[in-house]
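The values are calculated or read from the model by the stated rules, or taken from the named source; none is laboratory data. Just so it is clear, the model here is predicted, and its values are computed rather than measured. Heads up: the accessible areas ignore ligands, DNA and RNA and are worked out on the full protein's heavy atoms, side chains in. Shrake-Rupley method; radii C 1.70, N 1.55, O 1.52, S 1.80 Å.
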Amino acid sequence: MTAIVAPVSATRRTSRWLALAARATFSVLIVGLPFRARIDPLPHPASSVPAVLSDLVIYAIDVLAIAVLGLWLLARLLDRRPVALGPLAVRVPVAVLVVLAWITMPFGVEPVISVAGAIRLSLGVLLAVYVATEVDGLDSIAVPLGLMLALQSVVAIWQALTGGPIGLEAVGELRLDAEVPGTSVVMLGDGTRLLRAYGLSPHPNILGGILACGLLLLLGIRTSTRAAGLAHRGIVLLAAVALLAAVALVATFSRGAWLGALAGLVAGFVVLAGVSDRRALRTWGVSAALAVAVAAAAGVAARDAVAARTGLVPTLAPTEVRSVDERLEQIRLGWRVVLDRPLTGSGASALPIAMRDLEPDFAFAFYAPHLVPLAVAGELGLAGGAAYLATVGAPWLLLLRRRRLGLPIGLELAGASAALAALTVASLFDDYPWVGGPGRTLGWLVIGLWVMAWARAERGGVGTAG
């Protein structure tokens with residue numbers, strides 16, 4: 001009997017240690033989510049397509065994701081516990097995206113790049129499955145999420161106040177100079193160039209999206225932290241971090257992230273409105289009002305830059321005009337690719353190359369359109385674009401059905417839904433939820449957290465108490 005029991009016990013211990021290692025690595029992943037650190041092991045010769053889009057670029061966040069998944073899959077092989085794949089309405093379109101990424105590869109414009117793109121997409125989906133399976137409520141990620149937001153917010157606000165880098169190049173900070181072309185700035189009417197806050201991320205828009213989603217997730221953590229028995233001081237600390245993130249969000253001057261954050265705040269309120277959990281609705285309303293008030297105060301302090309960035313000035317600065325023109329032209333050229341390849345697309349991650357092949361003399365950068373559904377359609381065909389829309393749209397149909405049935409929702413599911421709303425709105429103005437390591441990881445992380453929160457609510461209201 002002993003000879004039989006001992007190996008089983010050892011297997012379970014090994015599985016448990018692997019799962020703990022995966023969880024610790026996942027916490028590091030959350031803290032390092034915005035970091036821009038990356039390598040290019042197989043660089044192509046210099047071309048009109050940026051290397052970050054045409055080369056086999058590997059981000060530090062990709063390495064962390066692979067480590068998390070490797071440890072977790074080993075643990076699952078040992079204990080054979082089931083994984084959470086989410087509701088069918090979400091699971092099916094996600095599966096369609098993965099299948100399309102692989103089967104369209106031979107028909108793409110650059111199959112080698114599309115192999116890397118299909119691998120990245122598959123890893124992103126696996127990360128979402130890990131999150132849905134292993135994350136035990138939003139409160140379980142409160143510490144790494146709070147650390148990440150606090151670190152990036154302090155750096156971003158410091159950059160905004162000083163107008164330049166703060167000496168953290170050793171950990172990935174860019175050598176920012178508002179006077180150097182290519183640096184993201186806000187240009188005032190008198191020609192003054194104000195630096196947009198990057199934090200330790202590759203771009204202010206990416207930082208803005210991460211801050212917006214992280215802030216909304218924090219609002220969904222407040223109730224579950226009480227249930228977990230955390231001290232009142234810890235709850236106050238999380239609230240302080242959320243308000244700090246609201247100020248940093250303003251400093252990024254990311255219009256897509258601003259709209260996403262507002263959409264998320266409204267979505268959280270709408271999700272909670274009309275259900276019986278009045279305490280959750282009241283808590284969300286107070287928290288959202290505080291965040292908006294703090295962000296508004298920061299916006300008033302930077303009112304000239306906000307006016308320039310939002311077009312509330314008599315004449316737009318040349319940088320703003322070019323930004324709008326570039327995005328419209330990229331959308332036009334991306335749509336040309338869709339019309340040229342409606343069934344197969346250009347192949348995963350190969351859209352910029354297809355854009356270059358269609359118009360070599362294009363006047364702007366060969367970036368994917370800042371409209372993710374179009375970018376996905378350009379890569380994976382019209383079916384891929386429809387599958388992406390179904391992936392981000394299905395949760396709202398499920399929530400609507402849940403409300404009609406009068407089932408509990410609570411702050412946790414509201415927070416995850418708000419983050420999903422922010423990500424979805426940002427994807428209508430930026431490409432990072434689909435392109436690049438930090439933004440792509442953010443996208444699948446948010447989807448995984450929504451599936452997790454939905455499953456906890458389905459299991460009889462776990463994590464839904466107000």
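The table for this structure:
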read-out: Accessible surface ranking that places the most exposed of Glu458, Glu134 first, with a 1.4 angstrom probe; value: Glu458, Glu134
read-out: Tensor-based shape of segment 85-156 (alpha-carbon gyration tensor, a/c under 1.5 rounded, otherwise prolate or oblate); value: oblate
read-out: Segment 35-193, relative contact order [Cα under 8 Å, separation at least 6], %; value: 17 percent
read-out: Rounded accessible area per residue of the chain, 1.4 Å, Å²; value: 43 Å²
read-out: With all protein chains modelled, accessible area of Phe269 [1.4 Å, Å²]; value: 100 Å²
read-out: Long-range HN-HN contacts of Val185 with modeled amide H, under 5 Å; value: Arg196
read-out: Cα shape, segment 237-321, gyration tensor, a/c 1.5 rule; value: prolate
read-out: Viscosity 1.002 mPa s, temperature 20 °C, Stokes-Einstein D of segment 366-427 from Kirkwood C-alpha radius, µm²/s; value: 164 µm²/s
read-out: Relative counts (whole %) of C-alpha pair distances in segment 256-395, using bins that are 5 Å wide; value: 2, 9, 13, 13, 12, 12, 13, 12, 8, 4, 1, 0
read-out: Largest-first ordering by accessible area, 1.4 Å probe, given options Ser184, Ser27; value: Ser27, Ser184
read-out: Segment 330-409, Cα convex hull volume normalised per residue, Å³; value: 95 Å³
read-out: Over the chain: Kirkwood hydrodynamic radius from C-alpha pairwise inverse distances, Å; value: 22.8 Å
read-out: By accessible area with a 1.4 Å probe, ligands and nucleic acids excluded, highest first: order of Thr310, Thr252, Thr315; value: Thr315, Thr310, Thr252
read-out: Cα pair distances in segment 145-214, grouped into 5 Å bins until the bin that holds the longest one, percent each; value: 3, 18, 28, 26, 14, 7, 3, 0
read-out: Descending Cα extents along the principal axes, segment 114-255, whole Å; value: 52, 47, 29
read-out: Computed over segment 309-466, the ratio Rg/Rh where both radii use C-alpha atoms and Rh is Kirkwood; value: 1.08
read-out: Under the span-like rule (Cα at least 27 Å along the axis, Kyte-Doolittle mean at least 0.5), DSSP H helices of the chain; value: 2-31, 60-79, 111-134, 142-162, 204-227, 232-252, 278-301, 372-404, 437-458
read-out: Relative contact order (%) - criterion: Cα under 8 Å, at least six apart; region: the chain; value: 23 percent
read-out: Principal axis dimensions, largest first and in whole angstrom, of segment 257-302 by Cα; value: 40, 17, 9
read-out: Anisotropy class of segment 388-466 from Cα gyration tensor, a/c 1.5 cut; value: prolate
